[in-house]
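A short write-up of the structure that comes next.
The values are calculated or read from the model by the stated rules, or taken from the named source; none is laboratory data. Here the structure is a predicted model, which is why all the values come from computation and not from measurement. Here Cβ is always computed from backbone atoms with ideal geometry, including for glycine, and neighbour counts include all displayed protein chains.
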Amino acid sequence: MIILFNKPFNVLCQFTGGTANLSNYISLKGVYAAGRLDKDSEGLLLLTDDGALQHQVSHPKHKQAKIYWAQVEGVPNQKCLKQLQTGIRLKDGLTRPAKVKIIPEPDLWPRNPPIRYRASIATTWLEITLSEGRNRQVRRMTAAIGHPTLRLIRYAIGEWNLDSIKNGIQPGQWHKINPLPNQSPEQNSNTVKHASAEKPSPSNRRRHRRKSGQVSARRRT
């Protein structure tokens, strides 16, 4: 079983502890997160009851690609983008080469609370594809080039993404996929047998609307 969950901001990526954690949103037993997502980050979290699949998705040796949308302070120039693409020297070593590009502002749900804007400083959205998962890696990489991350959303893990299910996965909602046996995660991303969405409890339920009245994880075109 695979659970695709859109983790809201300020929610712990575990089932116990803190004021908001996975138990506020997911009532299923016996599933565990395949990889982590920081409390102050949002977006796709994959959970499963399959230990082998959990290892395949989360272990660095498998180089599972993950796509992040990062809103950074300022406007990175080509030199900065090149640094991110070729590797950044962090305290725990040189990062692997990454795919990085500037993108239009994604069509996203409002964050609560919103980021702190400074009228005199523009912001830029970057799409960053990593094949490793160091602690707070995207934030450390953008800080190293002088463009701190203000908001961070994980859009995709391998072939799974926030739009994998019709109408997408809204913050605080999850969908269940029943994978076929003997198939890779990439193949199973297209074998949706059952989808469900559990809303958070009333104390955590929020409405997420854009001005147009619709919410989607897709980028504006």
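Across the range 3-38, which residue is farthest from the chain's Cα centre (by Cα) among those that are farther than 14 Å from residue 171 by Cα and among the basic types (Lys, Arg)?
Checked the range 3-38; the qualifying residue farthest from the chain's Cα centre (by Cα) is 29.
Exactly one condition in (1) closer than 19 Å to residue 135 by Cβ; (2) touching a Phe, Trp or Tyr at 6+ places or on another chain (Cβ under 7 Å); (3) of a type in the set (Gly, Ala, Ser) is false for residue 65; which is it?
Evaluating residue 65 over (1) closer than 19 Å to residue 135 by Cβ; (2) touching a Phe, Trp or Tyr at 6+ places or on another chain (Cβ under 7 Å); (3) of a type in the set (Gly, Ala, Ser) leaves (2) as the failure.
Consider residue 145 carefully, then state whether it is within 25 Å of residue 24 (Cβ to Cβ), more than 15 Å from the chain's Cα centre (by Cα) and not acidic (Asp, Glu).
The answer is no for residue 145.
Tell me, please, whether a residue that is at positive phi and among the polar types (S, T, N, Q) can be found in the range 66-89.
No; the residues of the range 66-89 include none that is at positive phi and among the polar types (S, T, N, Q).
Taking the range 40-57, which residues are assigned to a loop (DSSP other than H, G, I, E, B) and either out of contact with any strand residue (DSSP E or B) (no Cβ under 9 Å at 6 or more places or on another chain) or surrounded by fewer than 15 Cβ atoms within 10 Å (Cβ to Cβ) (or both)?
Passing the criteria: 40, 49.
What do you reckon, is residue 133 small (Gly, Ala, Ser), touching a Pro at 6+ places or on another chain (Cβ under 7 Å), modelled with pLDDT under 95 and in a loop (DSSP other than H, G, I, E, B)?
Yes, satisfied.
Starting from residues that are in contact (Cβ under 8 Å) with a residue 24 or more places away in the chain and in contact with a Gly (Cβ under 8 Å, 6 or more places away or on another chain), keep the ones in the range 77-97 and report whichever is farthest from residue 136 (Cα to Cα).
Checking each candidate, the answer is 80.
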